[in-house]
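Nothing in this text is a laboratory measurement; each read-out follows from the coordinates by a stated rule. Please read all numbers here as calculations on a predicted model, not as lab measurements. Cβ atoms come from the backbone with ideal geometry, glycine included; neighbour counts cover every protein chain shown.
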Amino acid sequence: MDWRKYIVATPGTRSGQPRIDGTRITVKDVLEYMAGGMSEAELIEDFPELTPERIRACLAFAASIENRIQIAVSSARTVA
């Protein structure tokens, strides 16, 4: 999944946090709702501008960030 099609960050909108393009819904919002137990169907019911693809883009974005952190930590260990 290429999350770049769905996720943007604009300095003047939601403090520049990564969000779903065309909305004010941040990636963090989606992840926190899901971590709290909301299903995809419940998210879409509460936020009609969400789609399964947009939700998956949030998950893919989070996975890409986690991967970058893992690489940075691994690199720091080899340097130290």
In the stretch 15-33, which residues are touching a residue at least 24 places away in the same chain (Cβ under 8 Å), outside any strand (DSSP E or B) and surrounded by 15 or more Cβ atoms within 10 Å (Cβ to Cβ)?
P18, T23, I25, V27, V30, L31
Test: A9 is surrounded by 15 or more Cβ atoms within 10 Å (Cβ to Cβ) and either of a type outside the set (S, T, N, Q) or out of contact with any strand residue (DSSP E or B) (no Cβ under 7 Å at 6 or more places or on another chain) (or both)
no
What number of residues within the stretch 2-38 satisfy the criterion of being at positive phi and not polar (S, T, N, Q)?
4
Output the number of residues of the stretch 29-48 satisfying the condition of being closer than 19 Å to M1 by Cα and out of contact with any Pro (no Cβ under 8 Å at 6 or more places or on another chain).
3
Would you mind stating whether E53 is in contact with a Pro (Cβ under 7 Å, 6 or more places away or on another chain) and not small (G, A, S)?
no
